[in-house]
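Here the structure is laid out as structure tokens; the discussion comes afterwards.
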Amino acid sequence: MTSSALRTATRVALFGMIVNSIFAVAKILGGVFGHAYVLIADGIESGLDIAGSFVIWSGLKVAARPPDASHPYGHGKAEPIAAAIVSVGVLAAAVGLAVQSVREIFSAAQRAGALHAGNIDRGDCDKRNLFRYVNRIGRNVESTAVQTDAWHHRSDALTSAAAFIGISVALIGGKRWQSADDWAAIFACVVIAANGVRLMRPAFYEIMDTAPRKILKSVCSVASTVPGVIEVEKCRARKMGLDFLRRSHVGVDGKISVHEGHEIAHRVKNAIQQSDSRIADVLVHIEPAR
């Protein structure tokens, strides 16, 4: 399941790079020839999506590597690290674009034409569809990196929507509303920055080994039903890439033999892994019940 999920995730990231490359070139060229900074900003955001998808793709490729002597638990942490890098990139892009938009408000540059507004609107629809597709895959495989990539696409769609509204207002309102597209770009930057923070949180939670509560609750319940287990004292789990690693302390009759305790530990491990295929490994510590 994990190898299949990783292959799916890497294909989605590669597909995102291709789509964003097309959008970035079209938007930047349209902005340059149409004298609309919001369109150039939109194109830059698409360009950053290319870099973001590449980081996600690279992180997933590293996360797929098997354990080795230096990384006995595998390379799964590469996935949330890639997600964190992309989140920081989103925040940095939002700040940079906001600063440049403020500068453009005080300039006298010509504004874009209706043709560019129409192109933006079509691009916005395409990016929303891409967001839904990538986000659905990310949820299915429970990949923090893929979901981060999806919301990166969502940020691009929001920028496109702001660009369409801003340029449309500038076209309809005339000279008095020439700076509408730049104000729209600033609004888009605020939304992008908020998304950057939203994306960063789950990535850092995973890097810091924050306990996955749903997994803990279910596996502790499974462990307590195994014959020979009197009590479950400790349940710990952490996410490693697309897998989960778990550690349990279970209490058994203190008078049984070491061999019997060992057999109970194996039964607990097998029961937990059979209950959820995402659990790659389980460490069971046997203690005498109180």
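Filter 61/239; 214/269; 77/217; 77/269; 61/269; 217/239 down to the pairs with a C-alpha to C-alpha distance above 21 Å, please. Among 61/239; 214/269; 77/217; 77/269; 61/269; 217/239, the Cα-Cα distance tops 21 Å for 77/217; 77/269; 61/269.
When 14, 199 are compared by accessible area at a 1.4 angstrom probe, the order from most to least is 14, 199.
Here the ratio of the Cα radius of gyration of segment 184-290 to 2.2 N^0.38 Å is 1.49. On a C-alpha basis, how far is the centre of segment 224-290 from the centre of segment 196-214 in Å? Whole number, if you could? Using only Cα atoms, the two centres lie 25 Å from each other. Using a cut-off of under 14 Å, list every residue of segment 214-247 whose amide N is near the label point 7 Å from the Cα of residue 287 along the Cα-to-beta-carbon line. Inside the label zone: 230-236, 247. Positive contributions from Lys and Arg (+1) and negative ones from Asp and Glu (-1), summed over other residues with Cβ under 13 Å from the Cβ of residue 77, come out at -1. log₁₀ I(q)/I(0) of segment 184-234 at q = 0.13, 0.30 Å⁻¹, via Debye over equal Cα point scatterers, no solvent, to two decimals? Here log10 of I(q) over I(0) equals -0.55, -1.04. Extension gain for the segment residue 198 to residue 258, taken as residue separation times 0.36 nm less the Cα-Cα distance, is 16.7 nm to one decimal. Between residue 140 and residue 14, the C-beta separation translates, for a Förster distance of 22 Å, into a calculated FRET efficiency of about 0.80. One chain, two ends: residue 22 and residue 207. Fully extended at 0.36 nm per residue, the span grows by 63.3 nm beyond their Cα-Cα distance. Spin-label model, residue 191 to residue 172: label points 7 Å out along the Cα-to-beta-carbon direction sit 1.7 nm apart.
The values are calculated or read from the model by the stated rules, or taken from the named source; none is laboratory data. Keep in mind it's a predicted model, so treat the numbers as computed, not measured. Every residue, glycine among them, receives a Cβ derived from its backbone with ideal geometry; neighbour counts consider all protein chains shown. All accessible areas refer to the heavy atoms of the entire protein, side chains included, with ligands and DNA or RNA removed. Shrake-Rupley method; radii C 1.70, N 1.55, O 1.52, S 1.80 Å.
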